[in-house]
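Contents: one structure, followed by commentary.
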Amino acid sequence: MPIQLQGLMSTITFLDIIDIAVVAFLLYKMYIYIKDTRAMVLLKGLLVLLAITLISNWVGLNVINWIMQKILTVLFVALPIVFQPELRRTLEHIGRGKFFGKTRLNKEEAENLLNELDKTVTVLSQNKIGALIVLERESVLNDYSDTGIKIDGIVSSEFLINVFIPNTPLHDGAAILRGNRMTAAGCLLPLTEDRSLSKELGTRHRAALGLSEQTDAVIIVVSEETGIISVARAGRLVRHLDSDKLKQLLRPLFTAKPSALNDLLNWRLTK
């Protein structure tokens, strides 16, 4: 072992190891939290600009280096504004004690909820009744729940179907579910700004994508025109789902790590 390395190792204490481990853990949790949000895309862009700045300084491209330094200065000042939604959700999670994990339903509760959702969506699809069902995950959706009618009841297919019956007060809004309870219905969701979407996708699909771009929620959509079942997650839409595919897509949401759902969605999008 080189003398310099031996000297470095001799200065490392047990507290230093704990310090490094805690920082690494926090960085990992932060990565898991933002990896499927627009914050990750912006962070990648920031890292590219930082790399260009370092390379231009090392090579001696003074003009480029000066420009990049000015750009980075402005960006670092603007970061709290750009990442305001993500920063607020992170602080909410820490305040609620959910930054280190969220309580999940037990196996029986999860299976019951899946069955109720499946029965609901099947009936709505067969009768071409439009629906927007939001499944809350780590991101707290209180701001969106406040736009609708507060409800606190155990989810059942009969309950959900009645919410979306046409010409009723709650029909056009979204129902928000937290675990196996419905917290609100008739809620307003933000619309996506993606102009490349197919014109056949209506307001419900655009609202589902809009919420999925800003939070980690999973949103089930039933088209009022075609009865097609879709699921939105992380700004992506998986369409033409039947009962089995819907269950396959949603089961990891309740029974596995969050990354399992992301992997399954990525697999579906490539088929």
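The values are calculated or read from the model by the stated rules, or taken from the named source; none is laboratory data. Not measured: the values here are computed from a predicted model. Here the Cβ is made from the backbone with ideal geometry for all residues, glycine too, and neighbour counts use every protein chain on show.
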Picked from region 152-179 (must be in a loop (DSSP other than H, G, I, E, B) and of a type in the set (S, T, N, Q)), the residue farthest from E138 (Cα to Cα) is N167
Looking across region 129-151 at residues that are closer than 23 Å to S223 by Cβ and not in a strand (DSSP E or B), the single one that is modelled with the lowest pLDDT is L141
- Item | Some residue of region 111-119 being assigned by TED's automatic domain parsing to the domain that holds Q214, within 23 Å of L201 (Cα to Cα) and outside any strand (DSSP E or B) | yes
Quiz item: Any residue in region 186-199 that is closer than 26 Å to Q126 by Cβ, modelled with pLDDT of 85 or more and not in a loop (DSSP other than H, G, I, E, B)?
Solution: yes
